[in-house]
Structure formats: C-alpha cells, structure tokens
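One structure is given here, and the rest of the page talks about it.
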Amino acid sequence: MKAIRIYEFGGPAVMQLVDVPRPVPAADEILVSVYATSVNPADYIIRQGGNDLLRPYLKLPLGLGLDAAGIVEEVGSEVKNFKVGDKVYGVPNFPGDGSYAEYLTAKASQFALMPRNISFIEAGALPSCALIAWNGIVELGKVLPGQRVLIHGAAGGVGNLAVQFAKAKGAYVIGTASSYNFDFLKELGADEVLDYKDQQFETLLGNIDLVFNASPVRDNATRLKSADLLKEGGIFVCTQLDSPFSDELKEALAGKNATATHVGGGGLAYVSSLSETTKLIEEEKVKAVISKVYPLEQVADAHRESETKHVRGKIVLKIKEAHEAV
Ligand SMILES: NC(=O)c1ccc[n+]([C@@H]2O[C@H](COP(=O)([O-])OP(=O)(O)OC[C@H]3O[C@@H](n4cnc5c(N)ncnc54)[C@H](OP(=O)(O)O)[C@@H]3O)[C@@H](O)[C@H]2O)c1
C-alpha cells in the first residue's frame, strides 16, 4: 500500500510517498481503508523532530497523521462494535504508523461510526480536533447553558469546533481571530469576536466562566490576561500540552479559586467525543469546516500551508476517491 514515511526529521521535503506492507489488525483493532485524513500542527511538529513531550516517542522511520475516515476492512477477534463495511472515523494509535496511508490499523475504541450525512472528506477533517474540542469544552470545561466562554484561535481546526460545541451547549461564545475571520465566526455562531492582534481583549471582556486556549501560538502573556478575565471558580483549559503553566499563571488562578488544565494525551474520552460529534453533525448543529483538499501526493504543500498557522478550519488530504467505496 502507499503511505507517507519520513526517514529523517526536517522540512516538508522529508515526507516520501512509498510502498509499505499493509498492516494486520491485533485482536482489539480494526483495519481501516482510509479515504481521507487531515493535517494537524502535531504532524509538522513531529516531522520537524518533535517537542520535549513527543520526542521520546519518535523513532525513525515514521508515518504521520492523526485523523482518518474510511471503511472497516477487517476486525480483530475481540472487536464487537464494528463490522466489515462500516464507515468510520477516528484517531489512529499513537505512537504508530499514522493515517497518511491507504490503510491503517487502530484500536477500535478510538473510532466511531461516521455521521451519515457527510462525506469522507468532511469526516477526515474532524476526529482529533473534535476529540480535543469536546474534551476541552464539555468534559474538562464543564460548559453550561448561558455561561460566557472565551475561545482563543477560534477559527482554527480545534477552535471552530470548540465554538460550535459551546454554542450547541447554549453558551455565550467569544472568539479571538484575525478580522478576516469575523464574519465566518459569526456565521458559525460566535456571539462576539475580537482580533487578538489589535484589540485589547482583556480591557473589553470580563466575567468569563471558561477560557479555552486553542491557539497554535504558545504565549504566556495571553494566558495571564485570560486568567484575569475569569470569574471566581472559573476554568482555564489549554490545548498546548507541551507548554507547562507558569508559576505566575498558577498564582493568578489560585487567587480566584480558578483551575487550569491541559487537554490532550492520555485519558481522553474518545467514544463519547466522537459519538456526540456524530450526533450533533447528524442534527446539523455542527459542521466540518474545510479550507482546502490536497491529494496525498501534495502533502508537502499541505504542510507548508498548515505551518502558516492561519488555516481556517482544516486542510484535508484525500487518499482515495469516494466512488472507489463499494
Ligand atoms: N492536545 C492535543 O492532543 C491536540 C490535538 C490537536 C491540536 N492540539 C493543539 O491545539 C492547538 C490548535 O490546533 P489547531 O489544529 O486548531 O491549529 P490550527 O488550525 O493550525 O490553528 C490555526 C488558527 O490559529 C489562529 N491563530 C494564529 N495565531 C494566533 C494567535 N497568536 N492567537 C490566537 N489565534 C491565533 C489562526 O487565526 P487567524 O487566521 O484568524 O489569525 C487560525 O485560525 C495547537 O497548539 C495544537 O498543537 C492539541
């Protein structure tokens, strides 16, 4: 089968499309024929050699990719929740061979049935960002109707889903983005939008119940300003798993009995995140936002675009044409 592998860390050119053996599922795994995957910041960070958190897991040669939408081709002997032919979406094993490939094996517990009303391309844009946004807003953020939620990086892959999940839960949503994304975010349901570059959001806002930091930029000053906006007992959830909270931030939060937590890594609620996402998409309360679709052969261009850190929604990699599905 065709798959992307890297044999050295570096720029986009280190990604090679090669022939590798098709994987075989273990007892608790499914074999998925992959139709679409998408690009996440972790993909280019891994390609470049990783960060302090990821580096210990990275052994060359490496596959890349954290999202998959496709069709179940085989099921392991212990798998009860899927059958051959099911359309599924989910997150491959990590560490593992990634999802930039014609086939992958993954734990069945990291996949769910795809929403019936969307394409493989749309489904391929969703899993890992839905996982992080759902866990951040609902499981850790404990959002309630009427609460005021501030989302940084609201137009990005994680951020746009966080906006939609928070709105679906009845929250009042304030997003930060560049001004060219204001109309887009309003259409998505955001109640207020602020430009992180030239509006002093800390002087304009207050009384925030939940801050969800989904910006791809690690910035302690923004974290501190956000902590100031939180209500007594508020919650700060941060996607930047590799970047610990400073003592200054911890003190600022402790002063108002607020809590701070990172979302990601172990302990994520895969099944509920994906099945709730499926439900919300089928109810047309949430949609996949795709900025561009590249064929797998153009993965280097897709990475270059993602590395600008200004993608609206997701960049999808098409692995197979949907009409190939039987
Ligand atoms: N923990 C995990 O397992 C996990 C999984 C997925 C993602 N993540 C993390 O979540 C974060 C977001 O990922 P993503 O996939 O959503 O990234 P992304 O799609 O690449 O983010 C792009 C967005 O970031 C916004 N942005 C750029 N600079 C900003 C700034 N200084 N302040 C606020 N927003 C800014 C851009 O907005 P404008 O174009 O409007 O300027 C753009 O909409 C990353 O740090 C990623 O590593 C973590």
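Every number here is computed from the coordinates shown, using simple stated rules; none is lab data. Quantities reported herein were computed from a predicted structural model and do not represent experimental measurements. All Cβ positions, glycine included, derive from the backbone under ideal geometry; neighbour counts span all protein chains shown.
Dividing the summed helix terms, -39500 (n - 2.57) for each DSSP H run of n ≥ 4, by the number of residues in the chain produces a 222 nm estimate of -7000 deg cm²/dmol to the nearest 500. Helices in the chain that qualify as membrane-span-like (whole DSSP H runs, Cα extent of at least 15 Å along the helix axis, mean Kyte-Doolittle hydropathy of -1.0 or higher) are 157-168, 270-282. All Cα-Cα distances of segment 59-155, cut into 10 Å bins from zero to the largest, leave 14, 39, 31, 14, 2 percent in each bin in turn. Taking amide H as placed 1.01 Å from N in the peptide plane, His262 has its amide H under 5 Å from the amide H of Cys238, each at least 5 places away in sequence or on another chain. Only lysine pairs 8 or more places apart or on separate chains count here, and in segment 129-262 those with Cα atoms under 17 Å apart total 10.
The orientation-averaged shadow of the Cα convex hull for segment 129-262, equal to a quarter of the hull surface, comes to 6.9 nm². With R₀ fixed at 30 Å, the C-beta to C-beta distance from Val18 to Val217 puts the FRET efficiency at about 0.35. Estimated at 0.36 nm per residue, the fully extended path between Glu187 and Leu144 surpasses their Cα-Cα distance by 13.3 nm.
Take the Cα coordinates of the chain, assign each an equal point scatterer, and use the Debye formula without solvent to give log10 I(q)/I(0) at q = 0.10 Å⁻¹. These q points yield log10 I(q)/I(0) values of -0.55. By the rule of a C-alpha distance below 18 Å, with chain neighbours fewer than 8 residues away ignored, the aspartates and glutamates paired with Lys80 are Asp28, Glu29. Net length available on complete extension from Gln48 to Lys309 is 92.4 nm, with 0.36 nm assigned per residue and the Cα-Cα distance removed. The residues Leu60, Leu66, when put in order of fewest to most other Cβ atoms within 10 Å, stand as Leu60, Leu66.
For the chain, the longest piece that avoids every one of the GluC sites (Glu not before Pro) found in DSSP loops with at most 14 other C-beta atoms within 10 Å covers 79-282. Within segment 161-212, the trypsin sites (Lys or Arg not before Pro) that combine a DSSP coil assignment with at most 15 other C-beta atoms in a 10 angstrom radius are Lys197.
Tell me the label-point distance for the pair Asn81, Ser291, using the 7 Å Cα-to-Cβ offset, in nm and rounded to one decimal. Label at Asn81, label at Ser291, 3.2 nm between them.
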